[in-house]
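The values are calculated or read from the model by the stated rules, or taken from the named source; none is laboratory data. Only a predicted model underlies this, so the values are computations on that prediction, with no experimental measurement involved. Using ideal geometry, Cβ is built from the backbone for each residue, glycine included, and neighbour counts are taken over all protein chains shown. Surface accessibility is based on the protein's heavy atoms, side chains included, excluding ligands, DNA and RNA. Shrake-Rupley method; radii C 1.70, N 1.55, O 1.52, S 1.80 Å.
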Amino acid sequence: PISVVSFLDISERRRTEDLVARLGRILDHSSNEIYVFCAESLRFLQTNEGARRNLGYSLEELKGLTPIDLKPEMTRETFEALLAPLRQGVQDTVVFETMHRRKDGSLYPVEARVHYSPMETPPVFVAVIQDISERRHTEKQLSYLAYYDHLTGLPNRALLRDRLKQALLDADRSERLVAVMFLDLDRFKNINDSLGHAVGDALLKAVGERLRGCVRSGDTIARLGGDEFTVALADVAHVDHVTRIAQKIMEQFVSPFQIDGHELY
């Protein structure tokens, strides 16, 4: 009898399996959240370690959830509207920003990139989620620096200009008035020169606080720079109202400012 042994070269398959395994480890340790969810039920089929770590859920817990469970601002209808271009083949990727809710209920902003894979059985969506908390914080800081004085926290010249434009438009429609008052502090340079800039800065902050107490919430106190401030009064019915506010401001400066053990008038 003759025995015939057939050998199948599986080296290529081994290389493919090894590549898939290595890619899986890379994705699993990615700081981004990666989700695979069913295109029909939307239930999660697979998530990486980054997703489980960021959300505080186990894999089994996540498999009982859908992306909508993580996005409190979305409904099935609004989420499906985002996925529609992928299902229709109009787009390869959908990118949007939303909020994610952790298991403990806390929220954090994310950027989502969703892809559709209709060739799988069943068809699936793959979502790569990036936590953008730091980006949002930076954007907020940049926006603050662009429109607010860093020392006093008051609106700066740019924000004052925007608010004045809006106040003038509103006044034109309602046939009311807008008033603008400019203030500067006498002898402020003497304080900086004799007591130092730290005392001068503290005084500017205190002046801003006193001015805030003289106007309504819809009015604006701005610092233009140095010791120069501006008061913008919106929706003024009569000039007498401006006179009363001016007098109130003058009265606020009768009492001395207590700064670092110094009485400043």
Meets criteria (touching a strand residue (DSSP E or B) at 6+ places or on another chain (Cβ under 7 Å), more than 30 Å from residue 51 (Cβ to Cβ) and part of a helix (DSSP H, G or I)) for residue 171: yes
Quick check: is even one residue across region 52-67 within 26 Å of the chain's Cα centre (by Cα) and at positive phi? yes
Please identify the pairs in which a residue from region 125-137 that is open to solvent by less than 50 Å² (accessible area, probe 1.4 Å) has its Cβ atom under 8 Å from the Cβ atom of a residue that is part of a helix (DSSP H, G or I), counting only partners at least 6 apart or on another chain. 125/83; 125/86; 127/67; 129/51
Applying the selection to region 51-103, what residues are in contact (Cβ under 8 Å) with a residue 24 or more places away in the chain, among the hydroxyl-bearing types (Ser, Thr, Tyr) and open to solvent by 40 Å² or more (accessible area, probe 1.4 Å)? 57
Please verify whether region 241-258 includes one or more residues that are on the phi > 0 side of the Ramachandran plot, in contact with a strand residue (DSSP E or B) (Cβ under 9 Å, 6 or more places away or on another chain) and open to solvent by 60 Å² or more (accessible area, probe 1.4 Å). no
Per-region count, region 212-257, residues closer than 14 Å to residue 155 by Cβ and more than 37 Å from the chain's Cα centre (by Cα): 0
Taking interchain pairs and intrachain pairs at least six residues apart, which have beta carbon atoms under 7 angstrom, with the first residue in region 148-159 and surrounded by fewer than 17 Cβ atoms within 10 Å (Cβ to Cβ) and the second of a type in the set (Ser, Thr, Tyr)? 158/147; 159/147; 159/148
For residue 232, the lone unmet condition from (1) on the phi > 0 side of the Ramachandran plot; (2) in contact with a Ser or Thr (Cβ under 9 Å, 6 or more places away or on another chain) is (1)
Those residues of region 232-265 which are assigned to a helix (DSSP H, G or I) and among the charged types (D, E, K, R) amount to 240, 244, 248, 251
Report the residue count in region 179-217 for those that are open to solvent by less than 60 Å² (accessible area, probe 1.4 Å), in a loop (DSSP other than H, G, I, E, B) and under 17 Å from residue 242 (Cα atoms). 3
